[in-house]
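Q: Take this structure, written in structure tokens, and hold onto it; I'll ask about it next.
What follows is calculated from the coordinates using simple rules that are stated; it is not laboratory data. Since the structure is predicted, the reported quantities are computational estimates derived from the model, not experimental observations. Methodologically, a virtual Cβ is constructed for each residue, glycine included, from the backbone with ideal geometry; neighbour enumeration extends over all protein chains shown.
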Number of protein chains: 2
Amino acid sequence: MVQTPQPPYYAVIFTSLRTDNSEGYNEIGDKLDEIAKEYKGFLGMDSVRNGLGISISYWKNMESIKAWKANADHIIAMQFGKEKWYKQYNVRIALVEREYGFEK
Amino acid sequence: MVQTPQPPYYAVIFTSLRTDNSEGYNEIGDKLDEIAKEYKGFLGMDSVRNGLGISISYWKNMESIKAWKANADHIIAMQFGKEKWYKQYNVRIALVEREYGFEK
């Protein structure tokens with residue numbers, strides 16, 4: 001579980017259902033994760049898949065999200081995503097206003 | 001995958017790691033899901049667990065989230081959650097500003 005700074009900051013919520021086609025999925029996915037980490041304003045990511053997939057990346061501000069979205073490799077992956085990997089996906093961009101947690 | 005209306009609306013992002021103690025977890029969890037659905041302003045929920053768990057509930061506005069949080073059954077479950085079910089959790093309340101999707 002990623003640790004994020006005090007709000008406000010942004011979350012990009014990506015929910016998806018996969019196809020059976022995994023061509024390039026892991027390689028490109030790993031590369032994109034690496035690239036995101038290098039981006040200014042990237043705060044971290046939590047990802048889970050169990051049928052339904054939910055990936056949430058956290059960003060310092062909307063500018064950092066826009067820079068990431070404009071990245072050519074990312075655009076290529078989005079195109080691959082529509083053609084091959086995903087039956088359905090949804091992207092939500094949200095401003096995190098409050099956060100609290102618990103740890104044993 | 002839940003369908004939500006046009007933004008803006010709110011997301012409650014719950015990320016968690018479980019303990020080995022599942023006492024009451026499924027029964028109370030199912031009951032809480034039922035109760036949430038009856039709440040005014042509840043828009044839907046997506047949940048996945050695979051080690052890490054991510055549950056995102058969507059709400060019309062902050063008032064509906066506050067009403068839900070004040071619900072006695074929910075409070076009981078949160079207490080159970082800290083005592084028994086969760087090693088660690090994090091709650092983020094976020095205003096969804098943009099949304100787009102793709103479906104084959």
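Q: Take every residue in peptide B:44-53, count the Cβ atoms of other chains within 10 Å of its Cβ, and give the average of those counts. List each step's numbers first, then the result.
A: On the way: counts 0, 0, 6, 4, 9, 2, 7, 2, 6, 5.
Counting Cβ atoms of other protein chains within 10 Å of each residue's Cβ and averaging gives 4.
Q: Across peptide A:85-92, how many C-beta atoms of other chains are within 10 Å of each residue C-beta, on average? Numbers along the way, then the final one.
A: Values: counts 0, 3, 4, 5, 6, 10, 5, 13.
Neighbouring Cβ atoms belonging to other protein chains average 6 per residue here.
Q: Sorted by packing (mean other beta-carbon atoms within 10 Å per residue), highest first, where do A:91-98, A:71-78 land? Each step should come with its number before you reach the end.
A: Working: A:91-98: 19.1, A:71-78: 13.8.
In decreasing order of mean packing, A:91-98, A:71-78 become A:91-98, A:71-78.
Q: Return a whole-number percent for the relative contact order of chain A, with Cα pairs under 8 Å and 6 or more residues apart as the contact set. Walk me through the numbers before you get to the answer.
A: Numbers: 147 pairs, mean separation 49.5, N = 104.
Once normalised by length, the contact order is 48 percent.
Q: Here is a follow-up. Cα-based count: Lys pairs in the stretch B:9-96 below 25 Å, eight or more positions apart or different chains?
A: 22
Q: Let me ask another. Tell me, Kirkwood radius of the protein assembly as shown from alpha-carbon pair distances, in Å?
A: Value: 17.9 Å, from the Cα pair sum.
Q: Quick one: Karplus J couplings for the stretch B:89-100, per residue in order, coefficients 6.51, -1.76, 1.60, θ = phi - 60°, nearest Hz, x for Gly and Pro?
A: 8, 9, 10, 10, 10, 9, 8, 6, 9, 9, 8, 8
Q: Can you give the average number of partner chain beta-carbon atoms within 10 Å of each beta-carbon in peptide A:5-14, as a whole number?
A: Details: counts 0, 0, 3, 2, 2, 2, 7, 1, 9, 0.
Per residue, the number of nearby Cβ atoms from other chains is 3 on average.
Q: Mind checking the angle between helix A:25-38 and chain A's longest principal axis? C-alpha axes, 0 to 90 degrees, to the nearest 10.
A: 30 degrees
Q: Also, quick follow-up: Rounded to the nearest 500 deg cm²/dmol, what is the calculated helix-only ellipticity per residue at 222 nm for chain A, with -39500 (n - 2.57) per DSSP H run of length n ≥ 4?
A: Roughly -9000 deg cm²/dmol at 222 nm, from the helical runs in chain A.
Q: May I pose another question? Under the Kirkwood approximation for Rh and a Cα-based Rg, what ratio Rg/Rh is obtained for chain B? Each step should come with its number before you reach the end.
A: Working: Rg = 14.2 Å, Rh = 14.6 Å.
Result for chain B is an Rg/Rh of 0.97.
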